[in-house]
Structure formats: structure tokens, C-alpha cells
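Presented below is the structure to which this report refers.
The values are calculated or read from the model by the stated rules, or taken from the named source; none is laboratory data. It should be emphasised that the depicted structure is a prediction, and the values quoted were computed from it without experimental measurement. We place every Cβ from the backbone using ideal geometry, glycine too, and count neighbours over all the protein chains shown.
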Amino acid sequence: MSGPAPDKGTAAGSPNGSPQAMSAYTPSTAEVKALRDETNAPVMDCRRALEASRGDVEQAKRYLRERGQQMAARKAERVVREGFIGHYIHQGGKLGVLVELGCETDFVAKNEQFQRLAHDIAVHICASRPRYISRDEVPVAERESRVSDDGALERYYEETVLLDQPYVRDESKTVGELIAQAVGVLGENIKVRRFARFDVGES
């Protein structure tokens, strides 16, 4: 006498009747290259991001951003003894910015991408006029004066704190997220140490 017919919803050959896992997605070399060109992330990270997102480029970018933020958090306490002075001059020499961007090693300080990041942050400072680098620098009196108004403090941070400002060339991310992304690529702690903005005739 034959046994009961197999359940139609059961995948043949799967243990305990569970469906077989979906086949792994393998991104093409062109897809990996395109994501790398857009994000500057390492090749293997781009491949993993595309595999995890099954080829969805926007999800892959989010994956890389989150990885960069996690890496930045892990490396945040590392000492930054090296660095590079980024600068930007605008309006025929009437407006200028200097920014000191710190890193851990001279090797990264000489890296073209790191130096470009310092320049990009200088451009942002020129356009967005932040007053502080991080929230910790905001005076207590400034914070307390806005606590009573719902949402006012967060808006104030976005307007005046460099790391909280939407990045001027891509407002989908903050300057802090831009730096975290660079940490994920370069593998070192990166910090803005200080900046100065100069306007001719402004005291």
C-alpha cells in the first residue's frame, strides 16, 4: 500500500519540509564597479551590499551608509594625530574657509579621497555657515532657550552644527554621515578638529 501523497506546498529534498532558500544573487562586475564609482566604497563591500540587497542599488547604498556609521562608532575613540588642512576660496578671494580634518595615520592623510573630503567640507562650510562642529560645543544657555519649543532645538542643531547640517552637495545625508561613509572606506577614525571662515570686511 502506497504512503500518503506529499504535500504540494513542501519543496522536494528540503529538510523538515521547509522551502529551499532562494538562490543567492550574484552581482555583475559592471554593477559592482558602478556602485564603487558612486560611493567610493571598497570593491568587496560593494559586492556584499549588492548581494544583500539583491541588486537594489538604493538599498545597497543604505547598507554601505549603515556600515560606515557602525564602523565610525567603533573607531570614534581612536586618537587622530595626523590630518590635512582643507581650504576653499570663493568670490574672487572675498570669502574663504580653512578646515583641519584629522585622521590616525600619515598614510590616510596623504590619500586623495581624504584630502578631497577636507575640501568638500570646506565648500560646505562656506555655503552653510555652521557655528559649531558638534552638539557638545553648543553653549548650555543656547540649548536651554530652545528646549521649551517642541522641535526647535533639533532645528537649531541642523542650522548651526556642522555634523548635523544636510550636506550641501547631497541633502539626503548630513555632514556627519558623509564623514562616517569615509571612515567605512578608509578604515580610520576621521574628525573635524576645527574650522575658520573668513569674509573680507567682516569683523
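Could you tell me how many of the residues in segment 41-51 are surrounded by 14 or more Cβ atoms within 10 Å (Cβ to Cβ) and either free of Cβ contacts under 8 Å to residues at least 12 places away in the same chain or among the charged types (D, E, K, R) (or both)?
4
Hey, among Asp149, Asp170, which residue is surrounded by fewer than 13 Cβ atoms within 10 Å (Cβ to Cβ) and under 12 Å from the mean Cα position of the chain (by Cα)?
Exactly one of Asp149, Asp170 is surrounded by fewer than 13 Cβ atoms within 10 Å (Cβ to Cβ) and under 12 Å from the mean Cα position of the chain (by Cα), namely Asp170.
Residue by residue through segment 101-110, note down the ones that are buried (at least 16 other Cβ atoms within 10 Å of the Cβ) and touching a strand residue (DSSP E or B) at 6+ places or on another chain (Cβ under 6 Å).
Leu101, Gly102, Cys103, Ala109
Would you check if Val161 is of a type in the set (Val, Ile, Thr), in contact with a Ser or Thr (Cβ under 7 Å, 6 or more places away or on another chain) and either outside the structural domain of Val97 (by TED's automatic domain parsing) or surrounded by 11 or more Cβ atoms within 10 Å (Cβ to Cβ) (or both)?
So Val161 fits the description; yes.
Only one of Leu153, Leu163 is part of a helix (DSSP H, G or I) and closer than 15 Å to Gln69 by Cα; which?
Leu163
Considering only residues that are of a type in the set (A, V, I, L, M) and either touching a strand residue (DSSP E or B) at 6+ places or on another chain (Cβ under 7 Å) or modelled with pLDDT of 85 or more (or both), look in segment 52-74 and name the one that is surrounded by the fewest Cβ atoms within 10 Å (Cβ to Cβ).
Step by step, filter segment 52-74, then rank; the result is Ala52.
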